[in-house]
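Colleague: First, the structure itself, so that you have it in front of you.
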Amino acid sequence: MKIGIIGCGNIAATLADTMVRMGGDIQLIAAASRDLEKAREFASRFGIERAYGSYQELYQDSDVDLVYIAVPHSHHKQEMLEAISHGKAILCEKAFCVNAAEAEEVFAAAKARNVFVAEAIWTRYMPSRRKIDEIIASGKIGRVVSISANLGYKIAHKKRIQDPKLAGGALLDVGVYALNFAMMFAHSQLASISGLANIKDGVDARNSVSLAFQDGTMASVSSDTETNTDRRGIIYGTEGVIVIENINNPEKITVYDGEKKPQELSCETIEHEVNGYEYEIRECADCLAKGLLEPPSMPWAETVRVMKVMDSLRDIWGIKLGSEITL
């Protein structure tokens, strides 16, 4: 799989490093920025043979199989539609789009052109997800009744976080991980959503969200851009508890019994082959080899479901982002 990257910022650098370290059938051959010098510097840093001063040039590169999109959320739809029009498979950073309507437009275009598209929400692709699912399925903690998760980093100073036109705020940048955590492990349809947010200059600096599922499971998740939180996720069952250290990149999974003074039943430290991003890249390669249009770990319907939850929350808070601001 020959990959081209558009957007040469920090997350693009992390993925480029991952691709280079993976080697083998994963080949990073092109990088594009609207600033040619920036693209050249990025390409030189990672040993990439082609640097482009426009995204269009990369889309027109017939050797590129898949485009990794690492521009601000506000530009995801536009760039994905352009890549699809050139028949390029896509791995797009989270949040996938500004809202569910944009996501549905992208998926409709991909289906019409028979093009593979995946959201790069890396926790969905990690082996740790399967490990947690297996613990739940084993019955060790009984029936899941509630879930809590939080994620916060000191990133409020970043322009992409501050600017509503760039689809900034906590929810779409870090809250999406907390929501995905809850929605991965609450195996039921949503029944209701509520939430509070601290809004500054048109974006949410932090938020607290409650989810209720049809089977009675409840979830409480929060995200923040002004403080570093413990990033912990906890899954409470009728017979025990699972504690996950760092929901954004699980480091340790500990299972406790359900006694008043819980006793540890098991503890597993999570290690990656590279750094954790390799799983989403590998699944993309596997999907392309099999002729699939969407990844099993994050199917299109699930991307849209999460986007609709974030849409509902922003409706409650009166927050408009990206293209919505002109409406």
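Since every read-out is calculated from the coordinates, none of them should be taken as a lab result. This one's a predicted model, so the numbers in the text were calculated from it and none came from an experiment. As a convention, Cβ positions derive from the backbone with ideal geometry for all residues, glycine included, and neighbour counts pool all protein chains shown.
Colleague: Please give the peptides 214-224, 20-30 ranked by average Cβ packing (other Cβ atoms within 10 Å per residue), highest first, as a rough proxy for protection.
Modeller: On the way: 214-224: 19.5, 20-30: 16.4.
Listed from highest to lowest mean packing, they are 214-224, 20-30.
Colleague: Determine, for Leu190, Leu171, the number of other Cβ atoms within 10 Å of each Cβ, and report the residues in order from fewest to most. List each step's numbers first, then the result.
Modeller: On the way: Leu190 18, Leu171 28.
By the 10 Å Cβ count, ascending, the order reads Leu190, Leu171.
Colleague: I'd like the Karplus ³J(HN,Hα) series for region 226-235: coefficients 6.51, -1.76, 1.60, θ = phi - 60°, whole numbers in Hz, and an x wherever there's a Gly or Pro.
Modeller: For region 226-235, the Karplus-derived couplings read 10, 8, 8, 9, 7, 6, 8, x, 10, 10 Hz, x marking Gly and Pro.
Colleague: Report the relative contact order of the chain, percent, no decimals, based on alpha-carbon pairs under 8 angstrom and at least 6 residues apart. List each step's numbers first, then the result.
Modeller: Working: 701 pairs, mean separation 57.8, N = 327.
Reported relative contact order: 18 percent.
Colleague: Sticking with this one: Skipping prolines and chain starts, which residues have an amide H placed within reach, meaning under 5 Å, of the one on Ala118, given they are 5 or more residues away or on another chain?
Modeller: Under 5 Å from the amide H of Ala118: Ile90, Leu91, Cys92.
Colleague: Taking amide H atoms as placed 1.01 Å from N in the peptide plane, list the residues 5 or more away in sequence, or in a different chain, whose amide H sits under 5 Å from that of Lys252.
Modeller: Under 5 Å from the amide H of Lys252: Glu245, Ile270.
Colleague: How many angstrom separate the Cα center of region 133-152 from the Cα center of region 289-303?
Modeller: For region 133-152 versus region 289-303, the Cα centre distance is 24 Å.
Colleague: Please report the relative contact order for region 127-271, taking Cα pairs under 8 Å with a sequence separation of at least 6, and give it as a percent rounded to a whole number. It would help to have the intermediate numbers written out before the result.
Modeller: Working: 337 pairs, mean separation 40.9, N = 145.
Normalised by residue count, the contact order of region 127-271 is 28 percent.
Colleague: Please give the length that would be gained between Glu264 and Ala13 if that part of the chain were fully extended, namely 0.36 nm times their separation in residues minus their C-alpha to C-alpha distance (nm, one decimal).
Modeller: Values: separation 251, 0.36 × 251 = 90.36 nm, distance 3.87 nm.
Between Glu264 and Ala13, full extension yields an extra 86.5 nm.
Colleague: Label region 192-296 by shape, choosing from rounded, prolate and oblate, from the square roots a ≥ b ≥ c of the eigenvalues of the Cα gyration tensor; if a/c is under 1.5 it is rounded, and otherwise prolate applies when a/b is larger than b/c, oblate when it is not.
Modeller: Values: a/c = 1.62, a/b = 1.11, b/c = 1.46.
Oblate, since a/c reaches 1.5 and b/c is not below a/b.
Colleague: Same structure again: Give me the net charge of Ala51's neighbourhood, meaning all other residues with Cβ under 10 Å from the Cβ of Ala51; Lys, Arg count +1, Asp, Glu -1.
Modeller: Numbers: positive: Lys38, Arg40, Arg50; negative: Glu37, Glu41, Glu49, Glu57.
With Lys, Arg at +1 and Asp, Glu at -1, the neighbours total -1.
Colleague: Here's something else I'd like to know. Kindly put Val241, Val203 in sequence by how many other C-beta atoms sit within 10 Å of each C-beta, fewest to most.
Modeller: Details: Val241 19, Val203 26.
The most exposed by this proxy come first: Val241, Val203.
Colleague: Quick check: the distance between the Cα centres of region 105-127 and region 236-281, to the nearest angstrom?
Modeller: What the calculation gives is 27 Å, centre to centre.
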